[in-house]
Amino acid sequence: MRSICKRRLFLCFNKIFPQFLVGLFFIYVYCEYLIYYVTQLQCRWPTVEKNVMKNDKPVYAMVLADIHLLGSKNGHWLDKERREWQMHRAFQTAMTLHNPELVFILGDIFDEGKWSSQKEFNEYVERFKKLFEIPKGTTLHVVAGNHDIGFHYKITPQLANRFEVELHAPPVKLISIRGNHFILINSMAMEGDGCRLCSRAVAELEKIADTLKCSSGSTLCKGKTRVAKYSRPILMQHYPLYRESDTACTESEAPVSRNLFEERWDCLSKESTEYLIESLLPRAAFGAHTHNSCLIRHSLVPRPEHKIEFVEYTVPSFSWRNRLDPKYYLLSVTPYEVKVAKCELTREVTIQVTAVLLIIALVVYIQYYNTRSYSHLGEFVTRKLKMDKNLQKQYIVCYN
(Lines give C-alpha, C1' and ligand atoms only; values in the text may rest on other atoms or scores of the structure.)
Protein backbone atom coordinates (compact mmCIF):
# COMPACT_ATOMS: atom_id res chain seq x y z
CA MET A 1 0.00 0.00 0.00
CA ARG A 2 2.89 2.34 0.69
CA SER A 3 4.01 1.94 -2.90
CA ILE A 4 0.61 3.23 -4.01
CA CYS A 5 1.03 6.31 -1.80
CA LYS A 6 4.51 6.96 -3.12
CA ARG A 7 3.30 6.56 -6.67
CA ARG A 8 0.52 9.09 -6.05
CA LEU A 9 2.92 11.69 -4.62
CA PHE A 10 5.37 11.06 -7.44
CA LEU A 11 2.70 11.59 -10.09
CA CYS A 12 1.50 14.77 -8.32
CA PHE A 13 4.96 16.32 -8.32
CA ASN A 14 6.02 15.22 -11.81
CA LYS A 15 2.80 16.18 -13.58
CA ILE A 16 1.17 19.08 -11.76
CA PHE A 17 4.29 21.11 -10.95
CA PRO A 18 5.75 21.12 -14.51
CA GLN A 19 2.30 21.92 -15.91
CA PHE A 20 2.00 24.84 -13.51
CA LEU A 21 5.43 26.19 -14.47
CA VAL A 22 4.67 25.92 -18.19
CA GLY A 23 1.36 27.69 -17.62
CA LEU A 24 2.99 30.51 -15.67
CA PHE A 25 5.56 30.94 -18.43
CA PHE A 26 2.80 31.25 -21.04
CA ILE A 27 0.96 33.81 -18.87
CA TYR A 28 4.17 35.85 -18.53
CA VAL A 29 4.83 35.80 -22.28
CA TYR A 30 1.25 36.79 -23.07
CA CYS A 31 0.99 39.61 -20.51
CA GLU A 32 4.46 41.05 -21.15
CA TYR A 33 4.74 40.56 -24.93
CA LEU A 34 1.72 39.29 -26.83
CA ILE A 35 -0.91 41.51 -25.21
CA TYR A 36 0.66 44.56 -26.86
CA TYR A 37 0.18 42.95 -30.28
CA VAL A 38 -3.43 42.07 -29.46
CA THR A 39 -4.18 45.70 -28.57
CA GLN A 40 -2.14 47.48 -31.23
CA LEU A 41 -3.31 45.22 -34.06
CA GLN A 42 -6.61 47.06 -33.76
CA CYS A 43 -4.97 50.30 -34.93
CA ARG A 44 -4.25 50.81 -38.63
CA TRP A 45 -3.02 53.54 -40.91
CA PRO A 46 -5.81 55.96 -41.81
CA THR A 47 -6.88 55.77 -45.43
CA VAL A 48 -6.30 58.67 -47.81
CA GLU A 49 -8.30 59.35 -50.96
CA LYS A 50 -7.74 56.63 -53.57
CA ASN A 51 -7.43 59.03 -56.50
CA VAL A 52 -4.60 60.80 -54.63
CA MET A 53 -2.69 57.58 -53.92
CA LYS A 54 -2.24 56.90 -57.63
CA ASN A 55 -0.04 59.95 -57.98
CA ASP A 56 1.35 60.54 -54.49
CA LYS A 57 2.53 57.83 -52.14
CA PRO A 58 1.54 58.93 -48.62
CA VAL A 59 4.11 59.60 -45.94
CA TYR A 60 3.39 57.35 -42.98
CA ALA A 61 4.41 58.92 -39.67
CA MET A 62 4.00 57.89 -36.04
CA VAL A 63 3.71 60.65 -33.42
CA LEU A 64 4.15 60.24 -29.66
CA ALA A 65 5.07 62.51 -26.79
CA ASP A 66 5.91 62.94 -23.11
CA ILE A 67 7.66 59.64 -22.42
CA HIS A 68 9.39 61.13 -19.36
CA LEU A 69 12.22 58.65 -18.80
CA LEU A 70 13.07 58.86 -15.11
CA GLY A 71 16.52 59.84 -13.85
CA SER A 72 18.26 59.42 -10.52
CA LYS A 73 16.11 61.85 -8.49
CA ASN A 74 12.42 61.21 -9.08
CA GLY A 75 10.39 58.04 -8.74
CA HIS A 76 11.07 54.55 -7.41
CA TRP A 77 13.49 52.25 -9.25
CA LEU A 78 10.78 49.59 -9.65
CA ASP A 79 8.38 52.10 -11.19
CA LYS A 80 11.16 53.28 -13.47
CA GLU A 81 11.97 49.76 -14.71
CA ARG A 82 8.32 48.85 -15.17
CA ARG A 83 7.35 51.97 -17.13
CA GLU A 84 10.41 51.79 -19.36
CA TRP A 85 9.72 48.14 -20.12
CA GLN A 86 6.10 48.92 -21.03
CA MET A 87 7.07 51.80 -23.33
CA HIS A 88 9.82 49.72 -24.91
CA ARG A 89 7.45 46.84 -25.67
CA ALA A 90 4.70 49.16 -26.96
CA PHE A 91 7.11 51.08 -29.18
CA GLN A 92 8.82 48.00 -30.61
CA THR A 93 5.43 46.41 -31.23
CA ALA A 94 4.39 49.54 -33.14
CA MET A 95 7.57 49.36 -35.20
CA THR A 96 6.84 45.74 -36.10
CA LEU A 97 3.15 46.22 -36.89
CA HIS A 98 3.15 49.67 -38.51
CA ASN A 99 6.70 50.06 -39.86
CA PRO A 100 6.42 53.88 -40.12
CA GLU A 101 8.59 55.95 -42.42
CA LEU A 102 8.93 58.72 -39.81
CA VAL A 103 8.66 58.83 -36.03
CA PHE A 104 8.18 62.16 -34.24
CA ILE A 105 8.60 62.44 -30.46
CA LEU A 106 7.25 65.79 -29.31
CA GLY A 107 9.38 66.59 -26.31
CA ASP A 108 9.79 65.70 -22.63
CA ILE A 109 11.82 62.64 -23.49
CA PHE A 110 13.74 62.97 -20.23
CA ASP A 111 11.93 63.70 -16.99
CA GLU A 112 15.07 65.14 -15.37
CA GLY A 113 17.01 66.39 -18.38
CA LYS A 114 17.14 69.95 -17.08
CA TRP A 115 18.77 68.78 -13.81
CA SER A 116 21.11 66.10 -15.13
CA SER A 117 24.87 66.33 -15.04
CA GLN A 118 26.68 65.68 -18.31
CA LYS A 119 27.42 62.11 -17.26
CA GLU A 120 23.79 61.46 -16.34
CA PHE A 121 22.64 63.07 -19.57
CA ASN A 122 24.90 60.82 -21.64
CA GLU A 123 23.48 57.78 -19.84
CA TYR A 124 19.98 59.16 -20.45
CA VAL A 125 20.63 59.40 -24.19
CA GLU A 126 22.03 55.87 -24.41
CA ARG A 127 19.04 54.49 -22.53
CA PHE A 128 16.64 56.37 -24.78
CA LYS A 129 18.29 55.07 -27.95
CA LYS A 130 18.16 51.51 -26.62
CA LEU A 131 14.51 51.66 -25.52
CA PHE A 132 13.31 53.45 -28.66
CA GLU A 133 15.47 51.74 -31.23
CA ILE A 134 14.15 52.11 -34.75
CA PRO A 135 14.47 49.66 -37.67
CA LYS A 136 16.15 50.35 -40.98
CA GLY A 137 13.99 52.49 -43.22
CA THR A 138 12.55 54.51 -40.33
CA THR A 139 13.81 57.97 -39.33
CA LEU A 140 13.38 59.36 -35.82
CA HIS A 141 12.98 63.09 -35.15
CA VAL A 142 12.56 64.75 -31.76
CA VAL A 143 11.84 68.24 -30.46
CA ALA A 144 12.87 69.62 -27.09
CA GLY A 145 10.44 69.82 -24.16
CA ASN A 146 10.59 71.84 -20.97
CA HIS A 147 11.72 68.77 -18.99
CA ASP A 148 14.55 68.19 -21.48
CA ILE A 149 16.17 71.62 -21.30
CA GLY A 150 14.01 73.59 -18.85
CA PHE A 151 11.44 76.35 -19.19
CA HIS A 152 12.71 79.42 -21.01
CA TYR A 153 13.97 81.23 -17.92
CA LYS A 154 15.94 78.12 -16.85
CA ILE A 155 17.61 77.31 -20.17
CA THR A 156 21.38 77.69 -20.37
CA PRO A 157 23.47 77.45 -23.55
CA GLN A 158 24.93 74.19 -22.24
CA LEU A 159 21.49 72.59 -21.68
CA ALA A 160 20.20 73.64 -25.10
CA ASN A 161 23.40 72.71 -26.93
CA ARG A 162 23.83 69.20 -25.53
CA PHE A 163 20.22 68.26 -26.37
CA GLU A 164 20.61 69.66 -29.89
CA VAL A 165 23.91 67.86 -30.53
CA GLU A 166 23.07 64.46 -29.02
CA LEU A 167 19.55 64.22 -30.44
CA HIS A 168 20.02 66.23 -33.66
CA ALA A 169 17.32 68.69 -32.62
CA PRO A 170 18.07 72.30 -33.60
CA PRO A 171 15.61 75.04 -32.53
CA VAL A 172 13.89 74.84 -35.93
CA LYS A 173 14.14 72.19 -38.63
CA LEU A 174 12.39 71.66 -41.97
CA ILE A 175 11.82 68.10 -43.18
CA SER A 176 10.48 67.72 -46.73
CA ILE A 177 9.38 64.33 -48.08
CA ARG A 178 7.50 63.88 -51.38
CA GLY A 179 5.93 67.32 -51.26
CA ASN A 180 5.05 67.12 -47.55
CA HIS A 181 6.76 69.62 -45.25
CA PHE A 182 7.16 69.16 -41.50
CA ILE A 183 8.49 72.05 -39.42
CA LEU A 184 9.91 71.04 -36.04
CA ILE A 185 10.05 73.88 -33.50
CA ASN A 186 11.57 74.27 -30.06
CA SER A 187 8.62 75.75 -28.15
CA MET A 188 10.82 77.36 -25.48
CA ALA A 189 12.53 79.34 -28.26
CA MET A 190 9.21 81.04 -29.03
CA GLU A 191 9.40 83.32 -25.99
CA GLY A 192 9.74 86.43 -28.13
CA ASP A 193 12.24 88.21 -25.87
CA GLY A 194 15.13 88.33 -28.34
CA CYS A 195 17.36 85.87 -26.45
CA ARG A 196 20.10 84.07 -28.39
CA LEU A 197 18.05 80.86 -28.73
CA CYS A 198 14.92 82.80 -29.68
CA SER A 199 16.74 84.96 -32.25
CA ARG A 200 18.27 81.90 -33.86
CA ALA A 201 14.87 80.19 -34.06
CA VAL A 202 13.11 83.23 -35.52
CA ALA A 203 15.86 83.71 -38.13
CA GLU A 204 15.48 80.10 -39.26
CA LEU A 205 11.70 80.39 -39.32
CA GLU A 206 11.96 83.48 -41.52
CA LYS A 207 14.10 81.54 -44.00
CA ILE A 208 11.68 78.62 -44.08
CA ALA A 209 8.67 80.94 -44.40
CA ASP A 210 10.29 82.72 -47.37
CA THR A 211 11.20 79.40 -49.01
CA LEU A 212 7.58 78.25 -48.76
CA LYS A 213 6.25 81.58 -50.04
CA CYS A 214 8.58 81.44 -53.04
CA SER A 215 7.56 77.84 -53.70
CA SER A 216 3.86 78.76 -53.62
CA GLY A 217 4.33 81.60 -56.10
CA SER A 218 3.57 84.31 -53.57
CA THR A 219 4.36 87.90 -54.46
CA LEU A 220 5.85 88.25 -50.96
CA CYS A 221 8.80 86.05 -51.94
CA LYS A 222 12.18 87.66 -51.22
CA GLY A 223 14.74 84.91 -51.86
CA LYS A 224 15.46 82.23 -54.45
CA THR A 225 15.31 79.03 -52.40
CA ARG A 226 12.39 76.75 -53.20
CA VAL A 227 11.15 73.28 -52.32
CA ALA A 228 10.53 70.76 -55.10
CA LYS A 229 6.76 70.65 -54.51
CA TYR A 230 4.80 73.08 -52.40
CA SER A 231 2.14 72.20 -49.86
CA ARG A 232 1.21 73.95 -46.65
CA PRO A 233 3.45 72.71 -43.80
CA ILE A 234 2.68 70.68 -40.70
CA LEU A 235 3.93 72.07 -37.38
CA MET A 236 5.50 69.78 -34.77
CA GLN A 237 6.38 71.14 -31.32
CA HIS A 238 6.09 70.43 -27.61
CA TYR A 239 3.71 73.18 -26.48
CA PRO A 240 0.21 73.38 -27.91
CA LEU A 241 -0.68 76.60 -29.70
CA TYR A 242 -2.35 79.29 -27.66
CA ARG A 243 -5.75 78.43 -26.19
CA GLU A 244 -7.52 79.74 -23.13
CA SER A 245 -8.10 76.24 -21.70
CA ASP A 246 -9.04 72.70 -22.68
CA THR A 247 -12.66 73.81 -22.88
CA ALA A 248 -11.75 75.02 -26.38
CA CYS A 249 -11.19 71.41 -27.49
CA THR A 250 -13.89 69.80 -29.61
CA GLU A 251 -12.47 66.39 -28.68
CA SER A 252 -10.66 66.13 -25.37
CA GLU A 253 -9.68 63.55 -22.76
CA ALA A 254 -8.55 66.09 -20.20
CA PRO A 255 -10.29 66.14 -16.80
CA VAL A 256 -13.19 68.56 -16.72
CA SER A 257 -11.66 71.87 -15.65
CA ARG A 258 -12.15 75.51 -16.49
CA ASN A 259 -8.72 76.56 -15.26
CA LEU A 260 -7.21 79.01 -17.70
CA PHE A 261 -3.90 78.16 -19.40
CA GLU A 262 -0.91 80.32 -18.61
CA GLU A 263 0.88 81.56 -21.72
CA ARG A 264 4.49 80.36 -22.13
CA TRP A 265 3.84 77.78 -19.41
CA ASP A 266 0.87 75.67 -20.49
CA CYS A 267 0.87 76.74 -24.13
CA LEU A 268 2.55 79.15 -26.56
CA SER A 269 1.83 82.82 -26.15
CA LYS A 270 -0.93 84.29 -28.27
CA GLU A 271 1.61 86.52 -29.99
CA SER A 272 3.90 83.60 -30.95
CA THR A 273 0.94 81.53 -32.09
CA GLU A 274 -0.27 84.24 -34.45
CA TYR A 275 3.27 84.74 -35.72
CA LEU A 276 3.66 81.06 -36.59
CA ILE A 277 0.26 80.83 -38.25
CA GLU A 278 0.63 83.99 -40.35
CA SER A 279 4.22 83.23 -41.35
CA LEU A 280 3.93 79.52 -42.14
CA LEU A 281 0.25 79.02 -43.05
CA PRO A 282 0.10 75.51 -41.56
CA ARG A 283 -2.49 72.95 -42.65
CA ALA A 284 -2.11 70.99 -39.39
CA ALA A 285 -0.29 71.35 -36.09
CA PHE A 286 0.74 68.81 -33.45
CA GLY A 287 1.68 69.62 -29.86
CA ALA A 288 1.86 67.82 -26.52
CA HIS A 289 2.77 68.93 -22.97
CA THR A 290 -0.66 68.54 -21.33
CA HIS A 291 -0.49 64.68 -21.37
CA ASN A 292 -4.08 64.67 -22.70
CA SER A 293 -5.45 64.60 -26.21
CA CYS A 294 -7.26 67.57 -27.72
CA LEU A 295 -8.54 68.57 -31.14
CA ILE A 296 -9.10 72.22 -32.08
CA ARG A 297 -10.17 73.66 -35.42
CA HIS A 298 -8.42 76.99 -35.81
CA SER A 299 -9.67 79.80 -37.99
CA LEU A 300 -7.56 82.94 -38.10
CA VAL A 301 -8.44 85.98 -40.20
CA PRO A 302 -5.41 88.30 -40.23
CA ARG A 303 -6.99 90.30 -43.08
CA PRO A 304 -10.59 90.40 -44.35
CA GLU A 305 -9.60 88.74 -47.63
CA HIS A 306 -7.31 86.17 -46.01
CA LYS A 307 -8.55 83.31 -43.84
CA ILE A 308 -6.29 80.59 -42.42
CA GLU A 309 -7.94 77.35 -41.29
CA PHE A 310 -6.32 74.20 -39.95
CA VAL A 311 -6.67 71.49 -37.30
CA GLU A 312 -4.46 71.23 -34.22
CA TYR A 313 -3.93 67.93 -32.38
CA THR A 314 -2.55 67.67 -28.87
CA VAL A 315 -0.86 64.29 -28.49
CA PRO A 316 -1.42 62.46 -25.16
CA SER A 317 1.44 60.99 -23.15
CA PHE A 318 2.99 57.67 -24.20
CA SER A 319 3.85 56.76 -20.59
CA TRP A 320 1.78 54.71 -18.13
CA ARG A 321 3.26 56.91 -15.43
CA ASN A 322 1.30 59.89 -16.77
CA ARG A 323 -1.85 58.16 -18.02
CA LEU A 324 -3.77 54.97 -17.34
CA ASP A 325 -4.37 54.72 -21.09
CA PRO A 326 -1.34 55.94 -23.07
CA LYS A 327 -1.78 56.61 -26.77
CA TYR A 328 0.07 57.48 -29.97
CA TYR A 329 -1.01 58.82 -33.37
CA LEU A 330 -0.61 57.40 -36.86
CA LEU A 331 -0.52 59.91 -39.72
CA SER A 332 -1.09 59.28 -43.43
CA VAL A 333 0.05 62.45 -45.19
CA THR A 334 -0.10 63.59 -48.80
CA PRO A 335 0.33 67.13 -50.16
CA TYR A 336 -3.47 67.38 -50.18
CA GLU A 337 -4.59 65.93 -46.87
CA VAL A 338 -3.58 64.79 -43.40
CA LYS A 339 -5.39 61.77 -41.98
CA VAL A 340 -4.96 60.92 -38.29
CA ALA A 341 -5.68 57.74 -36.29
CA LYS A 342 -5.48 57.65 -32.49
CA CYS A 343 -4.06 54.37 -31.19
CA GLU A 344 -4.70 53.14 -27.66
CA LEU A 345 -2.25 51.07 -25.64
CA THR A 346 -3.13 48.35 -23.16
CA ARG A 347 -4.34 49.67 -19.82
CA GLU A 348 -2.43 48.61 -16.73
CA VAL A 349 -5.59 47.23 -15.12
CA THR A 350 -6.27 45.14 -18.22
CA ILE A 351 -2.86 43.49 -17.92
CA GLN A 352 -3.41 42.78 -14.22
CA VAL A 353 -6.94 41.38 -14.66
CA THR A 354 -5.81 39.27 -17.61
CA ALA A 355 -2.98 37.77 -15.56
CA VAL A 356 -5.33 36.91 -12.65
CA LEU A 357 -7.93 35.32 -14.94
CA LEU A 358 -5.30 33.27 -16.75
CA ILE A 359 -3.89 32.00 -13.45
CA ILE A 360 -7.38 30.97 -12.32
CA ALA A 361 -7.96 29.23 -15.66
CA LEU A 362 -4.61 27.46 -15.30
CA VAL A 363 -5.47 26.15 -11.82
CA VAL A 364 -8.90 24.95 -12.99
CA TYR A 365 -7.38 23.22 -16.02
CA ILE A 366 -4.72 21.44 -13.97
CA GLN A 367 -7.30 20.35 -11.41
CA TYR A 368 -9.60 18.98 -14.11
CA TYR A 369 -6.82 17.33 -16.11
CA ASN A 370 -5.25 15.59 -13.14
CA THR A 371 -8.62 14.52 -11.70
CA ARG A 372 -9.19 12.54 -14.90
CA SER A 373 -5.63 11.22 -14.87
CA TYR A 374 -6.01 9.83 -11.37
CA SER A 375 -9.42 8.26 -11.93
CA HIS A 376 -7.89 5.00 -13.15
CA LEU A 377 -5.55 4.93 -10.17
CA GLY A 378 -8.53 5.47 -7.85
CA GLU A 379 -10.37 2.52 -9.38
CA PHE A 380 -7.30 0.35 -8.88
CA VAL A 381 -7.03 1.39 -5.23
CA THR A 382 -10.74 0.70 -4.67
CA ARG A 383 -10.37 -2.83 -5.97
CA LYS A 384 -7.38 -3.45 -3.72
CA LEU A 385 -9.29 -2.20 -0.70
CA LYS A 386 -12.20 -4.48 -1.43
CA MET A 387 -9.80 -7.41 -1.60
CA ASP A 388 -8.06 -6.53 1.63
CA LYS A 389 -10.03 -4.49 4.16
CA ASN A 390 -6.96 -4.38 6.44
CA LEU A 391 -5.41 -1.86 4.02
CA GLN A 392 -8.25 0.62 4.37
CA LYS A 393 -6.81 2.40 7.40
CA GLN A 394 -3.37 2.66 5.72
CA TYR A 395 -4.96 4.12 2.58
CA ILE A 396 -6.97 6.66 4.52
CA VAL A 397 -3.82 7.79 6.36
CA CYS A 398 -1.86 7.92 3.09
CA TYR A 399 -4.56 9.83 1.24
CA ASN A 400 -5.00 12.41 3.98
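The values are calculated or read from the model by the stated rules, or taken from the named source; none is laboratory data. This is a predicted model, so every value here is computed, not measured. Reconstructed Cβ throughout: ideal geometry from the backbone, glycine too, with neighbour counts over all protein chains shown. Side chains are part of the model used for accessible areas, which takes the heavy atoms of the whole protein and leaves out ligands, DNA and RNA. Shrake-Rupley method; radii C 1.70, N 1.55, O 1.52, S 1.80 Å.
Overview of results
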quantity	calculated
For segment 258-361, diffusion coefficient by Stokes-Einstein and Kirkwood Rh (Cα), 20 °C, 1.002 mPa s, µm²/s	129 µm²/s
Rg/Rh (Cα only; Kirkwood hydrodynamic radius) as it applies to segment 40-121	1.12
Spatial separation of Cα centroids for segment 192-253 and segment 293-361, in angstrom	22 Å
Ordering of 59-68, 305-314 by burial proxy (mean other Cβ atoms within 10 Å per residue, highest first)	59-68, 305-314
Per residue accessible area in Å² of segment 205-359, where ligands, DNA and RNA are left out and the probe is 1.4 Å	48 Å²
Relative contact order [Cα under 8 Å, 6+ residues apart], the chain, whole percent	20 percent
Largest-first principal axis extents of the Cα set of segment 116-155 (Å)	38, 21, 11
5 Å binning of all Cα-Cα separations within segment 135-239, expressed as whole percents from 0 upward	2, 12, 21, 21, 17, 13, 9, 4, 0
Radius of gyration, Dmax [segment 198-265; alpha carbons; angstrom]	17.2, 49
Highest-first arrangement of 319-328, 24-33, 122-131, where packing means the average Cβ count within 10 Å	319-328, 122-131, 24-33
Peptides 230-243, 80-93 ordered by average Cβ neighbours within 10 Å, highest first	230-243, 80-93
Relative contact order of segment 186-289, defined on C-alpha pairs under 8 angstrom at six or more residues apart (%)	30 percent
Among Thr371, Thr250, Thr96, residue whose mean-square fluctuation peaks in a GNM of the chain (springs only between Cα atoms under 10 Å)	Thr371
Cα-based radius of gyration of the chain once divided by 2.2 N^0.38 Å, which approximates compact folds	1.37
Computed FRET value (nearest 0.05) for Phe25 with Ile134, which takes r as the C-beta separation and R₀ as 30 Å	0.50
